[in-house]
Amino acid sequence: MTGVSVSLSNPCILGLSGKVETVHLKKVQLSLQRKHYSASFLVLILLVVSLRHQYVKLQFLAPLLTDSSLTGGSGCDDSTVPQKLLILDARSYTAAVANRAKGGGCECEEYYPNCEVMFMGMANIHAIRNSFQALRAVCSQIPDPGNWLSALESTRWLQHLSVMLKAATLVCGAVEREGRPVLVHCSDGWDRTPQIVALAKVLLDPYYRTLEGFQVLVETEWLDYGHKFGDRCGHQENMDDVSEQCPVFLQWLDCVHQLLKQFPCLFEFNEAFLVKLVQHTYSCLYGTFLCNNAREREAKNIYKRTCSVWSLLRAGNKNFQNFLYVPGHDVVLQPVCHTRALQLWTAVYLPTSSPCTAVDESVELYLPPCVAGDELTSRSLD
(Lines give C-alpha, C1' and ligand atoms only; values in the text may rest on other atoms or scores of the structure.)
Protein backbone atom coordinates (compact mmCIF):
# COMPACT_ATOMS: atom_id res chain seq x y z
CA MET A 1 0.00 0.00 0.00
CA THR A 2 1.38 3.37 -0.98
CA GLY A 3 0.60 6.67 0.62
CA VAL A 4 1.12 10.31 -0.22
CA SER A 5 0.72 13.05 2.34
CA VAL A 6 1.16 16.72 1.55
CA SER A 7 1.34 19.40 4.18
CA LEU A 8 -0.43 22.73 4.02
CA SER A 9 2.78 24.47 3.00
CA ASN A 10 3.26 22.23 -0.03
CA PRO A 11 -0.14 21.65 -1.63
CA CYS A 12 -0.55 19.55 -4.74
CA ILE A 13 -2.96 17.57 -6.86
CA LEU A 14 -2.35 13.98 -7.86
CA GLY A 15 -3.16 13.18 -11.49
CA LEU A 16 -4.31 9.84 -12.91
CA SER A 17 -0.80 8.95 -13.91
CA GLY A 18 0.25 9.09 -10.25
CA LYS A 19 2.58 12.01 -10.85
CA VAL A 20 2.47 14.95 -8.50
CA GLU A 21 1.76 18.27 -10.16
CA THR A 22 2.34 21.29 -7.95
CA VAL A 23 -0.40 23.89 -7.68
CA HIS A 24 0.29 27.16 -5.92
CA LEU A 25 -2.75 27.16 -3.64
CA LYS A 26 -2.92 27.66 0.09
CA LYS A 27 -4.89 25.63 2.58
CA VAL A 28 -5.02 22.51 0.43
CA GLN A 29 -4.37 19.07 1.87
CA LEU A 30 -4.18 15.75 0.16
CA SER A 31 -3.72 12.33 1.69
CA LEU A 32 -4.02 9.33 -0.57
CA GLN A 33 -3.81 5.66 0.24
CA ARG A 34 -4.43 3.27 -2.62
CA LYS A 35 -5.11 -0.42 -2.34
CA HIS A 36 -6.82 -3.02 -4.57
CA TYR A 37 -7.81 -0.56 -7.29
CA SER A 38 -7.17 -0.34 -11.02
CA ALA A 39 -4.29 1.88 -12.08
CA SER A 40 -6.39 3.34 -14.90
CA PHE A 41 -7.84 5.98 -12.65
CA LEU A 42 -7.15 7.76 -9.43
CA VAL A 43 -8.87 6.11 -6.52
CA LEU A 44 -9.81 9.34 -4.80
CA ILE A 45 -8.66 12.89 -5.02
CA LEU A 46 -8.87 13.40 -1.31
CA LEU A 47 -8.46 17.11 -1.61
CA VAL A 48 -9.49 19.13 1.39
CA VAL A 49 -9.94 22.79 0.53
CA SER A 50 -10.63 25.58 2.94
CA LEU A 51 -13.04 27.81 1.09
CA ARG A 52 -13.73 30.53 3.59
CA HIS A 53 -11.20 32.94 2.06
CA GLN A 54 -10.14 31.04 -1.02
CA TYR A 55 -12.65 31.85 -3.78
CA VAL A 56 -10.19 33.83 -5.90
CA LYS A 57 -7.35 31.39 -5.29
CA LEU A 58 -9.52 28.46 -6.27
CA GLN A 59 -9.91 29.93 -9.74
CA PHE A 60 -6.33 28.81 -10.41
CA LEU A 61 -7.74 25.30 -10.46
CA ALA A 62 -9.98 25.99 -13.46
CA PRO A 63 -7.40 25.46 -16.24
CA LEU A 64 -5.99 22.43 -14.45
CA LEU A 65 -9.36 20.72 -14.21
CA THR A 66 -9.59 20.52 -18.00
CA ASP A 67 -6.31 18.58 -18.08
CA SER A 68 -6.79 14.94 -19.07
CA SER A 69 -4.46 13.85 -16.26
CA LEU A 70 -7.03 15.10 -13.75
CA THR A 71 -10.31 14.20 -15.41
CA GLY A 72 -9.80 10.72 -16.75
CA GLY A 73 -8.49 11.27 -20.27
CA SER A 74 -5.45 9.37 -21.42
CA GLY A 75 -3.79 12.38 -23.02
CA CYS A 76 -3.05 10.34 -26.14
CA ASP A 77 -6.45 9.90 -27.72
CA ASP A 78 -8.21 13.20 -28.36
CA SER A 79 -11.43 11.40 -29.30
CA THR A 80 -11.82 10.02 -25.77
CA VAL A 81 -14.44 11.88 -23.78
CA PRO A 82 -12.84 12.78 -20.43
CA GLN A 83 -14.64 12.01 -17.19
CA LYS A 84 -15.87 15.09 -15.40
CA LEU A 85 -14.33 15.79 -12.03
CA LEU A 86 -17.00 15.47 -9.35
CA ILE A 87 -16.78 18.34 -6.84
CA LEU A 88 -18.73 17.32 -3.77
CA ASP A 89 -19.69 20.24 -1.55
CA ALA A 90 -20.87 18.96 1.83
CA ARG A 91 -22.94 22.09 2.40
CA SER A 92 -26.35 22.88 1.00
CA TYR A 93 -26.49 25.23 -1.99
CA THR A 94 -28.14 27.88 0.17
CA ALA A 95 -25.38 27.68 2.79
CA ALA A 96 -22.67 27.81 0.13
CA VAL A 97 -24.16 30.95 -1.44
CA ALA A 98 -24.56 32.51 1.99
CA ASN A 99 -20.89 31.82 2.78
CA ARG A 100 -19.93 33.34 -0.53
CA ALA A 101 -21.84 36.50 0.32
CA LYS A 102 -19.82 36.72 3.54
CA GLY A 103 -16.52 36.54 1.66
CA GLY A 104 -16.26 32.75 1.48
CA GLY A 105 -16.35 30.66 -1.62
CA CYS A 106 -18.08 28.04 -3.70
CA GLU A 107 -17.42 26.74 -7.19
CA CYS A 108 -19.39 28.03 -10.14
CA GLU A 109 -19.53 25.52 -12.97
CA GLU A 110 -18.96 28.26 -15.55
CA TYR A 111 -15.40 28.57 -14.20
CA TYR A 112 -14.94 24.79 -14.14
CA PRO A 113 -16.12 23.56 -17.57
CA ASN A 114 -15.05 19.96 -17.06
CA CYS A 115 -16.48 19.55 -13.56
CA GLU A 116 -19.77 18.67 -11.95
CA VAL A 117 -20.64 20.34 -8.66
CA MET A 118 -23.01 18.61 -6.25
CA PHE A 119 -24.26 19.88 -2.90
CA MET A 120 -24.93 17.32 -0.19
CA GLY A 121 -26.94 19.45 2.23
CA MET A 122 -25.16 18.24 5.37
CA ALA A 123 -25.96 20.29 8.46
CA ASN A 124 -23.35 22.48 10.14
CA ILE A 125 -21.97 21.89 13.64
CA HIS A 126 -24.63 24.04 15.29
CA ALA A 127 -27.51 22.00 13.85
CA ILE A 128 -25.73 18.73 14.70
CA ARG A 129 -25.11 19.92 18.27
CA ASN A 130 -28.79 20.81 18.70
CA SER A 131 -29.82 17.46 17.27
CA PHE A 132 -27.51 15.59 19.64
CA GLN A 133 -28.75 17.54 22.66
CA ALA A 134 -32.31 16.68 21.70
CA LEU A 135 -31.30 13.03 21.33
CA ARG A 136 -29.73 13.02 24.80
CA ALA A 137 -32.88 14.56 26.24
CA VAL A 138 -35.05 11.87 24.67
CA CYS A 139 -32.78 9.05 25.83
CA SER A 140 -32.59 10.37 29.40
CA GLN A 141 -36.34 10.44 29.88
CA ILE A 142 -38.52 7.55 30.98
CA PRO A 143 -39.69 6.14 27.65
CA ASP A 144 -43.31 6.60 26.70
CA PRO A 145 -44.23 3.76 24.30
CA GLY A 146 -46.89 5.94 22.73
CA ASN A 147 -44.65 8.68 21.37
CA TRP A 148 -41.03 7.64 21.94
CA LEU A 149 -40.34 6.86 18.27
CA SER A 150 -41.85 10.15 17.15
CA ALA A 151 -39.73 11.94 19.75
CA LEU A 152 -36.65 10.16 18.40
CA GLU A 153 -37.56 11.19 14.86
CA SER A 154 -37.99 14.79 15.94
CA THR A 155 -34.32 14.92 16.99
CA ARG A 156 -33.35 14.33 13.32
CA TRP A 157 -30.26 12.42 14.44
CA LEU A 158 -30.92 9.45 12.18
CA GLN A 159 -31.72 11.80 9.30
CA HIS A 160 -28.29 13.42 9.68
CA LEU A 161 -26.67 9.97 9.62
CA SER A 162 -28.62 9.13 6.49
CA VAL A 163 -27.34 12.23 4.68
CA MET A 164 -23.74 11.39 5.57
CA LEU A 165 -24.11 7.82 4.38
CA LYS A 166 -25.63 9.00 1.11
CA ALA A 167 -22.75 11.41 0.52
CA ALA A 168 -20.14 8.70 1.14
CA THR A 169 -22.05 6.26 -1.07
CA LEU A 170 -22.11 8.85 -3.85
CA VAL A 171 -18.33 9.23 -3.63
CA CYS A 172 -17.95 5.46 -3.59
CA GLY A 173 -20.14 5.04 -6.69
CA ALA A 174 -18.33 7.76 -8.62
CA VAL A 175 -14.96 6.17 -7.93
CA GLU A 176 -15.87 2.49 -8.18
CA ARG A 177 -18.46 2.36 -10.97
CA GLU A 178 -17.76 5.51 -12.99
CA GLY A 179 -14.02 5.78 -12.52
CA ARG A 180 -14.26 9.49 -11.78
CA PRO A 181 -11.96 11.59 -9.62
CA VAL A 182 -13.72 13.22 -6.69
CA LEU A 183 -12.97 16.42 -4.81
CA VAL A 184 -14.62 16.76 -1.40
CA HIS A 185 -14.85 19.91 0.68
CA CYS A 186 -17.04 21.85 3.08
CA SER A 187 -16.56 25.35 4.49
CA ASP A 188 -13.46 24.66 6.62
CA GLY A 189 -12.37 21.13 5.80
CA TRP A 190 -12.02 19.58 9.25
CA ASP A 191 -15.59 18.46 10.07
CA ARG A 192 -17.87 17.29 7.27
CA THR A 193 -15.01 16.68 4.83
CA PRO A 194 -13.27 13.96 6.89
CA GLN A 195 -16.67 12.46 7.67
CA ILE A 196 -17.41 11.89 3.98
CA VAL A 197 -13.90 10.94 2.89
CA ALA A 198 -13.19 8.54 5.77
CA LEU A 199 -16.59 6.87 5.39
CA ALA A 200 -16.05 6.50 1.64
CA LYS A 201 -12.73 4.78 2.35
CA VAL A 202 -14.48 2.30 4.63
CA LEU A 203 -16.97 1.55 1.85
CA LEU A 204 -14.32 1.20 -0.85
CA ASP A 205 -11.43 -0.59 0.79
CA PRO A 206 -11.65 -3.66 3.07
CA TYR A 207 -8.29 -2.70 4.60
CA TYR A 208 -10.01 0.07 6.54
CA ARG A 209 -12.43 -2.46 7.99
CA THR A 210 -9.60 -4.19 9.82
CA LEU A 211 -8.32 -3.16 13.25
CA GLU A 212 -5.03 -1.94 11.81
CA GLY A 213 -6.63 -0.16 8.88
CA PHE A 214 -9.21 1.58 11.03
CA GLN A 215 -6.46 2.96 13.25
CA VAL A 216 -4.64 4.24 10.15
CA LEU A 217 -7.87 5.81 8.94
CA VAL A 218 -8.52 7.68 12.19
CA GLU A 219 -4.93 8.84 12.42
CA THR A 220 -4.73 10.14 8.84
CA GLU A 221 -8.20 11.48 8.13
CA TRP A 222 -8.99 12.88 11.58
CA LEU A 223 -5.89 13.46 13.69
CA ASP A 224 -3.36 14.38 10.99
CA TYR A 225 -5.88 16.45 9.03
CA GLY A 226 -6.50 18.64 12.03
CA HIS A 227 -10.01 17.85 13.22
CA LYS A 228 -10.38 20.05 16.28
CA PHE A 229 -10.96 17.36 18.90
CA GLY A 230 -10.12 19.80 21.70
CA ASP A 231 -12.83 22.27 20.72
CA ARG A 232 -15.39 19.79 19.42
CA CYS A 233 -15.19 17.52 22.49
CA GLY A 234 -14.84 20.31 25.06
CA HIS A 235 -11.33 19.33 26.15
CA GLN A 236 -9.86 22.83 25.88
CA GLU A 237 -9.54 25.47 28.60
CA ASN A 238 -12.49 27.36 27.12
CA MET A 239 -14.77 24.35 27.49
CA ASP A 240 -17.58 26.57 28.76
CA ASP A 241 -17.92 27.99 25.25
CA VAL A 242 -20.28 25.44 23.72
CA SER A 243 -20.46 27.19 20.33
CA GLU A 244 -17.45 25.18 19.11
CA GLN A 245 -18.56 21.88 20.63
CA CYS A 246 -20.14 19.27 18.38
CA PRO A 247 -20.05 15.44 18.30
CA VAL A 248 -18.67 15.31 14.75
CA PHE A 249 -16.42 12.29 15.34
CA LEU A 250 -19.14 10.50 17.31
CA GLN A 251 -21.55 11.06 14.45
CA TRP A 252 -19.06 9.47 12.04
CA LEU A 253 -18.51 6.50 14.38
CA ASP A 254 -22.29 6.07 14.51
CA CYS A 255 -22.29 5.74 10.71
CA VAL A 256 -19.55 3.09 10.96
CA HIS A 257 -21.74 1.35 13.53
CA GLN A 258 -24.62 1.38 11.02
CA LEU A 259 -22.34 -0.27 8.45
CA LEU A 260 -21.29 -2.88 11.01
CA LYS A 261 -24.96 -3.69 11.61
CA GLN A 262 -25.66 -4.04 7.89
CA PHE A 263 -22.48 -5.99 7.09
CA PRO A 264 -21.67 -7.97 10.26
CA CYS A 265 -19.19 -10.32 8.58
CA LEU A 266 -17.06 -7.71 6.80
CA PHE A 267 -15.50 -5.91 9.78
CA GLU A 268 -12.63 -7.29 11.84
CA PHE A 269 -13.67 -5.25 14.89
CA ASN A 270 -16.92 -5.51 16.82
CA GLU A 271 -19.33 -3.02 18.34
CA ALA A 272 -17.49 -2.99 21.67
CA PHE A 273 -14.45 -1.59 19.84
CA LEU A 274 -16.47 1.36 18.55
CA VAL A 275 -18.12 1.92 21.94
CA LYS A 276 -14.72 2.06 23.66
CA LEU A 277 -13.47 4.48 21.03
CA VAL A 278 -16.46 6.74 21.73
CA GLN A 279 -15.88 6.55 25.48
CA HIS A 280 -12.21 7.45 25.28
CA THR A 281 -12.77 10.23 22.78
CA TYR A 282 -14.28 12.09 25.74
CA SER A 283 -12.62 10.44 28.77
CA CYS A 284 -9.23 12.21 28.41
CA LEU A 285 -7.61 9.06 29.85
CA TYR A 286 -5.51 8.80 26.70
CA GLY A 287 -3.71 11.56 24.84
CA THR A 288 -4.78 10.54 21.34
CA PHE A 289 -7.72 12.93 21.12
CA LEU A 290 -6.36 15.83 23.15
CA CYS A 291 -5.72 19.25 21.54
CA ASN A 292 -6.87 20.50 18.15
CA ASN A 293 -4.06 19.39 15.85
CA ALA A 294 -0.74 17.61 15.64
CA ARG A 295 1.21 20.81 16.21
CA GLU A 296 -0.50 21.43 19.56
CA ARG A 297 0.01 17.81 20.61
CA GLU A 298 3.69 18.02 19.75
CA ALA A 299 4.14 21.36 21.52
CA LYS A 300 2.60 19.93 24.71
CA ASN A 301 4.58 16.69 24.41
CA ILE A 302 1.37 14.68 24.42
CA TYR A 303 2.88 11.65 22.71
CA LYS A 304 5.47 11.11 25.47
CA ARG A 305 3.43 12.17 28.47
CA THR A 306 0.28 10.17 27.79
CA CYS A 307 -0.73 6.73 26.57
CA SER A 308 -2.26 6.12 23.16
CA VAL A 309 -5.80 4.80 22.97
CA TRP A 310 -4.54 2.24 20.45
CA SER A 311 -2.61 0.55 23.26
CA LEU A 312 -6.04 -0.46 24.57
CA LEU A 313 -7.72 -1.05 21.22
CA ARG A 314 -4.82 -3.07 19.86
CA ALA A 315 -5.26 -5.81 17.29
CA GLY A 316 -4.34 -8.55 19.77
CA ASN A 317 -7.16 -7.71 22.19
CA LYS A 318 -9.76 -10.40 21.59
CA ASN A 319 -12.43 -8.37 23.40
CA PHE A 320 -12.67 -6.19 20.32
CA GLN A 321 -12.45 -8.84 17.60
CA ASN A 322 -15.50 -9.71 15.53
CA PHE A 323 -15.74 -13.49 15.48
CA LEU A 324 -18.11 -13.32 12.51
CA TYR A 325 -15.43 -11.62 10.40
CA VAL A 326 -14.57 -13.37 7.15
CA PRO A 327 -11.26 -12.00 5.83
CA GLY A 328 -10.33 -11.90 2.18
CA HIS A 329 -13.62 -10.46 0.90
CA ASP A 330 -12.67 -7.61 -1.41
CA VAL A 331 -16.20 -6.20 -1.41
CA VAL A 332 -17.27 -2.61 -1.96
CA LEU A 333 -20.08 -1.89 0.48
CA GLN A 334 -23.42 -0.61 -0.79
CA PRO A 335 -25.36 0.28 2.36
CA VAL A 336 -29.03 1.09 2.66
CA CYS A 337 -29.05 4.76 3.63
CA HIS A 338 -32.72 5.38 4.35
CA THR A 339 -33.57 6.26 7.93
CA ARG A 340 -35.87 3.22 8.14
CA ALA A 341 -32.77 1.02 7.81
CA LEU A 342 -30.82 2.83 10.54
CA GLN A 343 -30.81 1.91 14.20
CA LEU A 344 -30.39 3.94 17.35
CA TRP A 345 -26.98 3.15 18.83
CA THR A 346 -28.33 1.99 22.16
CA ALA A 347 -24.92 0.94 23.49
CA VAL A 348 -23.84 4.60 23.41
CA TYR A 349 -27.03 6.57 23.93
CA LEU A 350 -28.66 4.07 26.31
CA PRO A 351 -25.47 2.80 28.00
CA THR A 352 -27.13 0.20 30.20
CA SER A 353 -27.28 -1.97 27.07
CA SER A 354 -23.58 -1.59 26.30
CA PRO A 355 -22.00 -4.75 24.84
CA CYS A 356 -18.58 -3.92 26.28
CA THR A 357 -16.95 -6.81 28.06
CA ALA A 358 -15.45 -6.07 31.44
CA VAL A 359 -11.85 -5.33 30.62
CA ASP A 360 -9.01 -4.61 32.99
CA GLU A 361 -8.13 -1.09 31.95
CA SER A 362 -5.49 -0.41 34.56
CA VAL A 363 -2.91 1.84 33.02
CA GLU A 364 -0.01 -0.50 33.69
CA LEU A 365 -1.37 -3.08 31.25
CA TYR A 366 -0.98 -0.77 28.28
CA LEU A 367 2.26 1.04 29.04
CA PRO A 368 5.39 0.45 26.98
CA PRO A 369 8.10 -0.95 29.25
CA CYS A 370 10.32 2.13 28.78
CA VAL A 371 7.78 4.63 30.18
CA ALA A 372 8.83 6.14 33.48
CA GLY A 373 6.38 6.47 36.33
CA ASP A 374 6.90 10.20 36.83
CA GLU A 375 5.69 10.84 33.29
CA LEU A 376 2.37 9.21 34.10
CA THR A 377 1.62 11.06 37.28
CA SER A 378 1.97 14.45 35.62
CA ARG A 379 -1.47 15.78 34.80
CA SER A 380 -0.42 19.20 33.53
CA LEU A 381 -0.18 19.58 29.78
CA ASP A 382 1.12 23.13 29.75
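Assorted remarks:
- Both the radius of gyration and Dmax for the range 166-290 are 14.9, 47 Å, in that order, over alpha-carbon atoms.
- Of LYS84/LYS166; LYS166/LYS228; LYS166/LYS261; LYS102/LYS166, pairs whose Cα-Cα distance is over 26 Å: LYS102/LYS166
- Shape of the range 309-353, Cα gyration tensor, a/c cut at 1.5: oblate
- Three-way shape call for the range 123-190 based on the alpha-carbon gyration tensor, with the a/c threshold at 1.5: oblate
- Across LYS276/LYS318; LYS276/LYS300; LYS276/LYS304, pairs whose alpha-carbon gap is larger than 18 Å: LYS276/LYS300; LYS276/LYS304
- Close amide H partners of VAL184, meaning residues 5 or more places away or on another chain with modelled amide H under 5 Å apart, are LEU47, LEU88.
- CYS265/TRP148 FRET efficiency (R0 35 Å; Cβ-Cβ; nearest 0.05): 0.65
- Across the range 181-192, computed HN-Hα scalar couplings (Karplus, 6.51 cos²θ - 1.76 cosθ + 1.60, θ = phi - 60°) run x, 10, 10, 10, 7, 10, 8, 10, x, 10, 10, 5 Hz from first to last residue, x flagging Gly and Pro.
- Inter-site label distance for GLU178 and TYR93 at 7 Å from Cα along Cβ, in nm: 1.6
- Residues whose amide H lies under 5 Å from that of VAL117, counting only those 5 or more places away or on a different chain, are ILE87; hydrogens are built 1.01 Å from N in the peptide plane.
- Listed values for the range 309-320 are Karplus-derived 3J(HN,Hα) couplings in whole Hz (6.51 cos²θ - 1.76 cosθ + 1.60, θ = phi - 60°), namely 5, 6, 5, 7, 8, 6, 5, x, 7, 5, 5, 10, and x replaces Gly and Pro.
- FRET efficiency estimate (nearest 0.05) - Cβ-Cβ, ASP330 to SER140, R0 41 angstrom: 0.45
- Size-normalised alpha-carbon gyration radius of the range 194-265, reference 2.2 N^0.38 Å: 1.22
- Accessible carbon and sulfur surface of the range 124-270 relative to its total accessible area, %, 1.4 Å: 52
- Think of a 1.4 Å ball rolled over the protein heavy atoms: the range 122-274 then has 34 Å² of accessible area per residue.
- Computed from the C-beta positions of ASN301 and GLU110 and an R0 of 41 Å, the FRET efficiency is 0.25 to the nearest 0.05.
The values are calculated or read from the model by the stated rules, or taken from the named source; none is laboratory data. Just so it is clear, the structure is predicted and the values come from calculations on it, not from any experiment. So basically every Cβ, Gly included, is an ideal-geometry build from the backbone, and we count neighbours across all protein chains shown. Areas reflect the complete protein model, heavy atoms only, side chains present, ligands, DNA and RNA absent. Shrake-Rupley method; radii C 1.70, N 1.55, O 1.52, S 1.80 Å.
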